[in-house]
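The values are calculated or read from the model by the stated rules, or taken from the named source; none is laboratory data. Note that the structure is predicted; figures quoted are calculated from it, not measured. Backbone-built Cβ (ideal geometry, glycine too); neighbour counts: all protein chains shown.
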Amino acid sequence: MIDLDNDTIYRNIMEQMRDIILVVDTNGNILITNTAAVHAYGYSRDELCGMQIYELRSPETRAAVDAQLKIAQQAGILFRTVHMRRTGETFPVEVSSQRVRLLNKEAVISVVRDITATVTMETAIRQSEGNYRYLHEELTTAYEELAASEEELRQQLDELLAREQAIHRRNIVLASLHETALKLMQKTNLHDILRLIAASAAKLLGTTHSYINLVDEEKGIFCSEIGLGHYAQLVGRDIKLTEGISGQVYKTGEIVVLDDYSTWEHRLPDPLFDLVHSVAYVPMKAGAQVIGTFSVGFLNPEQSFSDEDIAFLGRFADLAAIAVQNSQLVSALKRSEQELREKNAELTAAHKELLASEAKYRAIFEAASDGIFIHDTETGEILDINEKACVMHGYTREDVLAGGFGIFDTGEPQFNGEEARRRMEHTVAGKSQLFAWKNKHKAGHPIWMEVNLQRAVIDQKERILAIVRDISERKAQEQVIQRLAYHDALTGLPNRAYLREFLNLEMEKAQQGETLGAVLFIDLDNLKTINDTFGHSYGDEVIIKTGSYICAAMQERAFVARIGGDEFIVVLPGEANRGEIRNIAAGMVKLLERDYELGTSRAYMSASIGIACYPDDGDTTEDILKKADLALYAAKGNGKNTWHFYETDLQKTADEDMLIKQGLREAIKRNELYLHYQPLGNPHTLAVVGFEALLRWNSAELGPVSPGRFIPLAEENGTIQTIGEWVIGEACRFARRLADRGKSHLRVAVNVSPRQLVAENFVPLVREAIRTAGIKPGQLEIEITENALIVSMEDSIQKLKALRTLGIRLSLDDFGSGYCSLTYLKNLPVETLKIDKLFIDDIESDADQLRFVNSIVSMAQLQGLSVVAEGVETESQLNKVRQCQCNFIQGYIFCRPLPETDAMLFLSNTGAN
């Protein structure tokens, strides 16, 4: 026990000590203190000696004073507590108290040390430890998420590569079909044609084994003409028309495919076929009649025929059949020519005999299997015509001799009388000619003839002999081939290949200053919605109708082509008046904005148009189509259902878009993305009720990029999925930090894009983000726009209901900017409606706008929805919003978007509901 009664040395020690010394009696009255106490508490020594010890304690620690004083009197005590200065400021202290005797009375002496620095250091250490643990958990989570993302990207890449390979193969096959068609048109030798058919068919399917049979009706057999690969051994073998797979194809006229030839019950007992695994036999037909078959086989059991393979073989068979028939016609023609030459020789040898016998001459003339005209060498006048030629044209001999060559005139310059006389002059000059010519039948339809002009001596006079053969059927078949190569199969319009040939000619003339014009690039808006909702057959129906509408509007003034999907090109040759081009485009937009009848339903559709003028915007095919495409992209960006001329800034914007898209793929990895948080407030108390997380990007290459610029591009290239996942996770972690500060009742809102909402894993992703952050579902709010619902309405509503079931808050953002109505909101599981800023901008000056907003609020609240007024910027707008009874506000009048640190500080200074 310390005795202070008469020992004054202790007084000097107390005054020299830097710690606070307090001597109190057993009731807690302060008896003695030192100078350090005066400085620490801000009271004078006299004031301190008249106070109770509990008056120096912070209010929340005073209850423990009596117990601690009692323990100090019994055994001494060392503890920490909080003391309070005269100003009300509190500070942490460490107190060491023990019993003493003062003036023969029991007392307690306390040594009090200010441990503010110590507590601060300990807090920092604990926070550092907590941050370390949190950082470790974040890194672990990020690694797991990165691994999952890499796996997902790998799967997507594999799918994309598979799809690209399929498209590449289809393009190769189509190019091969086109190339083969052109080669077939150039060949006339039957053996060459058959070998080309066999080789091309094998190449289409990626094999080397194929062969061709031709039908010999008279003998009732198939003649094996060509064999490649394993089937080379079949050449020269003949089989009956009723035998084998060829017999089945001949009977049915249909393609026969055997995935395992060894199991076919009617297979021929020939060791040659033992090695064949799967085969396809395809008929070549003239009309409904099978004229031959070609077969393609696989020896490898791992190869088989897909539905696409069979479809390509069917199209190829049509080309092959036409080529075979053409060759047969040409062969027949050559035989006829040979026969004709032989007949001519006979005529020459029997010339004197024919002069003596007119009846014999007429019999031969009329019996000829080809049509024959005899012309005067000087005038070209028709002197005689045989019966075959009359039947061919539908006229009598008298009609032809009376009407002359003019009755056959089609009205086309290349087939008029002047051109006929020019050819006759060449014949008179000793140049025999063989050419195709078009005449008009008496019934009015055109007929194609192959004409052989020769000089001949008839009745001892030199004449021109025209031997003609009807080749209308062959010409029709050539036109079919031409149409397959240059026209779209769905709409019948010129295809991309035809368009390029047309534009190449236009651009050549434009480069030489001979012409100018405009290109309109037309693309339907949201055709994908039709395909997804009704099916691709209805989408095709819309495309066909669109093509017919465009053609009907343009008629003969334009070249119209479909270049793929829902894309059309309209070329306006010679059109230089931009005002007229503008009118045409505007009229086209209005024409294509309509409801389409799809079965028993109707669907609204519209179109966007990009316009480029040549040669001003480009003088090559590639350049002018690229510029029109850029203009179309701008029209789409302006809200669709409109048109846009190409401007030089569009190329700059396109280049910037490419850089932005590339940068977005690395933005998360480079830590370039961050969030700002804009508070939502009570319009009356201006207390914070929540935050909205807003995405920001500071690119290392591009600098700060506006969200309005990069978010639509992230939607286009698919990076919005990864970015959106990061935003949700970061917002949940911010909500966790709010909860750690006792603010778990504040919600954090996140905007969700349409592509995020339609993703299959969207609901599990949100659930996992909440679990990882360790927050309650009610702390997160998902904001959707009306556009997000349009993509897939039924699926989106089901996902929103699933989120609502989890306890997550839901709100509809930018209400009024789209197509939603208050009645429609009954179907949506949202709790909050956010009125678009456009309606708030004029609320203070436009009475109608104020009434409109007031009605929205009233009807929304009748449906149990809370209403947020977005973009409140002035005091006057705030008063109007209060007048409309909006539940919450958001805007610069309350607070701008803030970094997290500033948002936390704003919350501390403002308070929260």
| field | Residues satisfying the stated conditions in region 579-616, i.e. among the charged types (D, E, K, R) and farther than 26 Å from Glu716 by Cα | value | Glu580, Arg582, Lys590, Arg594, Asp595, Glu597, Arg602, Asp616
| Which members of region 551-589 meet the condition of being surrounded by 13 or more Cβ atoms within 10 Å (Cβ to Cβ) and assigned to a helix (DSSP H, G or I)? | Cys551, Ala553, Met554, Arg578, Ile581, Arg582, Ile584, Ala585, Ala586, Met588, Val589
| task | Would you check if Glu647 is surrounded by fewer than 16 Cβ atoms within 10 Å (Cβ to Cβ) and within 21 Å of Gly579 (Cα to Cα)? | result | yes
| Hey, does region 602-623 have a residue that's in a helix (DSSP H, G or I), free of Cβ contacts under 8 Å to residues at least 24 places away in the same chain, within 30 Å of Ala510 (Cα to Cα) and outside the structural domain of Phe710 (by TED's automatic domain parsing)? | yes
| What residue, among those in region 281-315 that are part of a helix (DSSP H, G or I) and among the small types (Gly, Ala, Ser), is farthest from Gln248 (Cα to Cα)? | Ala311
| Looking at this structure, is Leu214 in contact with a Ser or Thr (Cβ under 8 Å, 6 or more places away or on another chain) and of a type outside the set (Ser, Thr, Tyr)? | no
| task | Go through region 394-437 and give me each residue that's closer than 18 Å to Thr379 by Cα and aliphatic (A, V, I, L, M). | result | Val400, Leu401, Ala402, Ile407, Ala420, Met424, Val428, Ala429
| task | For region 231-244, state whether one or more residues are in contact (Cβ under 8 Å) with a residue 12 or more places away in the chain, crowded, with 16+ Cβ neighbours inside 10 Å, in a strand (DSSP E or B) and not basic (Lys, Arg). | result | yes
| said: Can you tell me how many residues within region 596-627 are more than 21 Å from Glu514 (Cβ to Cβ), hydrophobic (A, V, I, L, M, F, W, C) and crowded, with 20+ Cβ neighbours inside 10 Å? | reply: 4
| field | Filtered residues of region 497-550 (kept if touching a Pro at 6+ places or on another chain (Cβ under 7 Å) and crowded, with 21+ Cβ neighbours inside 10 Å) | value | Glu506, Ala510, Gly517
| For Arg335, are the conditions met, namely being under 59 Å from the mean Cα position of the chain (by Cα) and at pLDDT 65 or above? | yes
| field | All strands (runs of 3 or more DSSP E) inside region 627-740 with 2 or more residues being polar (S, T, N, Q) and assigned by TED's automatic domain parsing to the domain that holds Ile770 | value | 688-699
| said: Restricting to region 230-243, count the residues that are in contact with a Leu (Cβ under 9 Å, 6 or more places away or on another chain) and under 20 Å from Ala317 (Cα atoms). | reply: 1
| query | Are there any pairs with C-beta distances below 7 angstrom linking a residue in region 467-489 that is under 21 Å from Glu501 (Cβ atoms) to a residue that is surrounded by fewer than 19 Cβ atoms within 10 Å (Cβ to Cβ) and modelled with pLDDT under 85, with the two at least 6 apart or on different chains, and if so which? | reply | Glu478/Met185; Ile481/Met185; Ala485/His178
| Taking the condition within 25 Å of the chain's Cα centre (by Cα), surrounded by 22 or more Cβ atoms within 10 Å (Cβ to Cβ) and of a type in the set (Gly, Ala, Ser), does Ala667 pass? | yes
| field | Qualifying residue in region 670-681 (condition: free of Cβ contacts under 8 Å to residues at least 40 places away in the same chain, surrounded by fewer than 18 Cβ atoms within 10 Å (Cβ to Cβ) and more than 30 Å from Arg578 (Cβ to Cβ)) | value | yes
| Could we say that Asp657 is of a type in the set (Asp, Glu), more than 22 Å from Pro707 (Cβ to Cβ) and free of Cβ contacts under 8 Å to residues at least 60 places away in the same chain here? | no
| request: Pick out, from region 449-540, the helices (runs of 4 or more DSSP H) lying fully within it that include 2 or more residues that are at pLDDT 85 or above, under 28 Å from Phe415 (Cα atoms) and in contact with a strand residue (DSSP E or B) (Cβ under 7 Å, 6 or more places away or on another chain). | output: 496-511
| request: Go through (1) closer than 24 Å to Gln890 by Cβ; (2) not in a helix (DSSP H, G or I) one by one and return the number of the condition Gly778 breaks. | output: (2)
| Residues that are over 29 Å from Leu675 (Cα atoms) and in the same structural domain as Tyr674 (by TED's automatic domain parsing): which strands (runs of 3 or more DSSP E) entirely in region 794-903 hold 1 or more of them? | none
| remark: Pairing a residue in region 714-738 that is more than 17 Å from Trp697 (Cα to Cα) with any residue that is of a type in the set (S, T, N, Q) and crowded, with 23+ Cβ neighbours inside 10 Å, where Cβ atoms lie under 6 Å and the two sit 6 or more apart in sequence or on different chains, gives Ala735/Gln779
| Has region 77-97 got at least one residue that is assigned by TED's automatic domain parsing to the domain that holds Gly28, in a helix (DSSP H, G or I) and among the polar types (S, T, N, Q)? | no
| message | Among the residues in region 741-754, are any within 30 Å of Gln127 (Cα to Cα), loosely packed, with under 15 Cβ neighbours inside 10 Å and touching a residue at least 24 places away in the same chain (Cβ under 8 Å)? | response | yes
| task | May I ask you to list the residues in region 387-412 that are in a loop (DSSP other than H, G, I, E, B) and either outside the structural domain of His375 (by TED's automatic domain parsing) or among the β-branched types (Val, Ile, Thr) (or both)? | result | Thr396, Thr410
| message | If I go through region 417-434 residue by residue, how many of them are surrounded by 14 or more Cβ atoms within 10 Å (Cβ to Cβ) and under 16 Å from Glu450 (Cα atoms)? | response | 4
